[in-house]
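Okay, so here's the structure we're looking at.
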Amino acid sequence: MPPHTSDILKNIAFVVGILILAVGAVGILVPAGLVWIAQHSLSPGTFYVIAAVRVALGLVLISVASASRAPQTLRVLGYLILLAGVATALTGLVGIERARVIVEWWLKQGFGVVRLTCVLVLALGAFVAYACAPARRAA
């Protein structure tokens, strides 16, 4: 029997959760790498790409929420990520200088704050991966 679209989207959400978790882990272990990425992603074009990824992820999480282990939480998270994507797109349009100031401030706080941020990213990825993990099959 071919997999349903919701199963495919749930697997995609699981993989994205693992990728988010990995970014968080790398940021905790090597914060300088994340700082480098942040410094080189302050252009409107990059903000549009980030916005598109956030909107897509939000829509995927909303669509798979009912089949997940935490439907209400995943649905709310999906809407929050979707809104963050829209806000990121608007920032790319009208607020890129303000975003630069905020990112520069964040970077000046030191690696401790970067690592703390990455702990939150790791937790987000772990939750998405857990909520969307494939069901175990009986032996």
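Key figures for this structure:
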| read-out | value |
| --- | --- |
| Region 61-119: number of residues that are in contact (Cβ under 8 Å) with a residue 60 or more places away in the chain and under 26 Å from Ala32 (Cα atoms) | 9 |
| Residue count, region 27-43 (criterion: in contact (Cβ under 8 Å) with a residue 40 or more places away in the chain and either assigned to a helix (DSSP H, G or I) or in contact with a strand residue (DSSP E or B) (Cβ under 8 Å, 6 or more places away or on another chain) (or both)) | 8 |
| Test: Val55 is more than 17 Å from Ile37 (Cβ to Cβ), buried (at least 19 other Cβ atoms within 10 Å of the Cβ), within 13 Å of the chain's Cα centre (by Cα) and without any contact (Cβ under 8 Å) to a residue 60 or more places away in the chain | no |
| Any hit, region 125-136, residues being surrounded by fewer than 14 Cβ atoms within 10 Å (Cβ to Cβ), closer than 18 Å to Leu9 by Cβ and modelled with pLDDT under 95 | yes |
| Output for region 13-47, where each listed residue is surrounded by fewer than 16 Cβ atoms within 10 Å (Cβ to Cβ) and closer than 16 Å to Ile81 by Cα | Leu19 |
| Region 74-105 - residue that is surrounded by 13 or more Cβ atoms within 10 Å (Cβ to Cβ) and basic (Lys, Arg) and, of those, modelled with the highest pLDDT | Arg75 |
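The values are calculated or read from the model by the stated rules, or taken from the named source; none is laboratory data. None of these values were measured; they are calculated from a predicted model. Virtual Cβ from ideal backbone geometry, glycine too; neighbours counted across all protein chains shown.
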